[in-house]
1. How large is the Kirkwood hydrodynamic radius of segment A:14-118, in angstrom, based on all distinct alpha carbon pairs?
2. Would you mind telling me the antiparallel percentage of the DSSP bridges in the protein assembly as shown, rounded to 5?
3. What's the exposure ranking of A:406, A:13, A:182, going from fewest to most Cβ atoms within 10 Å?
4. As an exercise, use a Förster radius of 35 Å and the Cβ-Cβ distance of residue B:147 and residue A:500 to find the FRET efficiency, rounded to the nearest 0.05.
5. Please give the peptides A:238-249, B:140-151 ranked by average Cβ packing (other Cβ atoms within 10 Å per residue), highest first, as a rough proxy for protection.
6. Once the piece of chain linking residue A:28 and residue A:58 is laid out straight, how much longer is it, given 0.36 nm per residue of separation minus the C-alpha distance between them?
7. Report for segment A:416-555 the percent antiparallel among DSSP-assigned beta bridges with both residues inside it, nearest 5.
8. What is the average number of partner chain Cβ atoms found within 10 Å of a Cβ in B:79-91?
C-alpha cells in the first residue's frame, strides 16, 4: 500500500548518512587489517565491540541498534534481508531494543553493516565501554498516559553520544533510558542514567536518576537532579560522564559501572561533583537550542489519522479474537486507533526470536495497518503503533497466518529471556530450554488467564541480560561445579517510578534445570491459593505475604524430589 | 621503535621526537641536556628549579589530578599524557580539561599505549601530537585522522556539531 507520508522515524540528513557510511568504511578497514594480520585480535576487540560485534560460543554475534525502539517497515525488511542473506534466516530481539544475529560469517560483517546503512541503521555503540543504545517506552508518542514524547530527547542524546571522542573508553558500558509517562515503562530505575521527563510550569524538564543497574550488583538509581530544564540535558550528562570517566574504577571489571562509584561516594557527594563540573558547562555551547530540538522533533509527527468513532464492538467475533484483544491491544491517544503488541513468545521459537519471513510479514502489516511504523519493546515483542480499531479482526487473522497472534502478552509465558548458554559465551547456563519448558508447562490459556499479569525473566548469567532482578519471578542460571543450576528470585519490579522499584530477593538454594517448571508452578499455585480475589496480582500477593511464605511453598518436597543445597 | 605524529604544522605528519622522558628527575635530570618531560608531582615540588632550567614539560599519568598542573602551564613546552592501556579513556578527559578548562594552548601529546584506531578521537579531545606504541606503523596511521568528516558534538578540537554548522538540518 502506498504511503501517504514518510514513516515517523528520525529522518537521516546527508550528514547522518555520511557518518554511518564512514563508520562502515572505517570498520571494513579494521576487519581487513585484522584478516591480514596487521591488527591483533585483542586490539580489534574493543573496536569491534563498539560496532556490536562479539565473538561468541559458535561464532560471531552482531547486535544492531534499534534506536529507542522505533523502526520503519522498510527497515524491518532490511533486517529480514540481513537474516536471510548472511544468517540462517532469523534474528533475536533483545531486552534493550536491539536485534542480534548469531549465525553469520565474521568476514561478512562489513557487508552486513553496509546493508544496514542502506536502511539508515547501524550497530554503532551497541556494545563496548561507551554510551549504548538509548531506550524508552515502546508506546512513545501514542500512549494515552504520556506527558512528554521522549523520542526527540532520545534522538538528541543518540546523536550527541555517537562517536563521542571523550567518552569512547569509559570504565564500563553506559546505558541511558528515558520515560515520558508517569507510569514508567522504560525501567529507568535500573539504568546508569534514567531520565523521567515531565512538564513543569509549561516547560519540559527531566528528573535525573543515576547509578541504577542490574548485573552482579543490582541497584536502584538515585535521584541526583530534579527538574533539569531540557536545554541543559547534554551539558549535565556530559558533566556526569566526565566525573565517571575520571573517577570510575578501572581496576576491577565487576566494580567499574557508575553505580559502584555512586554507591562509594554516596549519591549526594556524587551529585555535588557533577554539579561542580556542570557549573563550568552550564549555558555553554553544549546547551541545546530550541531550533535543534525542533528540527529533530519534526521527524516525530503523527500520521494522518482518520476521524473515527472510538467505540468499536466485535460482538460476533470468536473467543480467540477477544482473548488476543485483551492481551495485545492497548489504548491510543487518537480516537478509533489502537496500539497492538505482537507477541514473539509463541511456541515455535525462543523468546524474542523472529524468522525473516515473520519480519517481512510484520513489515507488510505495518505498511497496511500502521502507517509503516513499528516499535520494539524491552519485553522482546513488537508493536504496531497506529492501528484502526475497526481493522483489528483483519489484523488478527493475518498475524495468525504467521504464528504471531499468541494471546499471552503480560502473561506467564511472555517470558523475557536472554540467548543464554546455547549461544552466548558469557553464559553460565542455558536459558532458552528453561523458557521453553515453562511455556509448555503453562501452555493452557485458561490457566494463564487465571494466573493473570506476571513477569517472568530468565538470565543465563549474572550479567542479567534477561533482567531477572526485576522479574516478579526471576530465574538466574548459575554454574556449580560445572553443572547448570538455577537460582529463583521473587518480588522484582522496576516500578511505576524509580522510588517504587524493587530488586527481586533470592528465595534460597538453586535448582536443577528439570526442577524449574515444578518450582515455578508451586510458587504460582501458592499465589492462586492465597490471593485475595482475582484482582490481586501475583506481585501484590507476594508483597502482602512476604518471601517466607513463598519460600516454604517453593521448597515443599514431593516424593522423589531432591533439593540441591 | 615508536613513531611520532604531530599536527602542529596543520595536517598530521611524521616528526622527530626531541623530548626526553625523565622517569626519575632526582637522579636523571642533572645529566639531561635537552628538552625534558618530568612527572607532574615532581614538577610541582620543583617548580622554581624547572622554570630556571627551561625546556621542560609535564608527564601526566591517568590518575593525576590535571587541575594541579595549572600553575606550571605558562612555563611548559609540552604536556605529555600517558596511556597505560589504550582502552583507558581517562587521558581523553585530561586532554579536554587541559584545553577547555585550563586554557593550555601548547603541544599536548599522547604517549604510551597509543594506537592508530584511537588517533581520531584523541585529536578531537585536544591532543596535538602522538607518540605511537612500539610496532605501530606511523605512515599508515596517518589515514585514521580522516575517519570522519564531521562530528555530532563539540570537544576540544574546535569542530562544532553538525547542527551548529547548519549542515544537520
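No lab work stands behind these numbers, since they all come straight from the coordinates. As the structure is a computational prediction, the values presented were derived from the model and not from experiment. Reconstructed Cβ throughout: ideal geometry from the backbone, glycine too, with neighbour counts over all protein chains shown.
1. 14.2
2. In the protein assembly as shown, approximately 65 percent of DSSP beta bridges are antiparallel ones.
3. Result, fewest neighbours first: A:182, A:13, A:406.
4. 0.20
5. Going by the mean number of other Cβ atoms within 10 Å, highest first, we get A:238-249, B:140-151.
6. Contour length minus Cα-Cα distance gives 8.6 nm.
7. 70
8. So the per-residue partner count for this stretch is 4.
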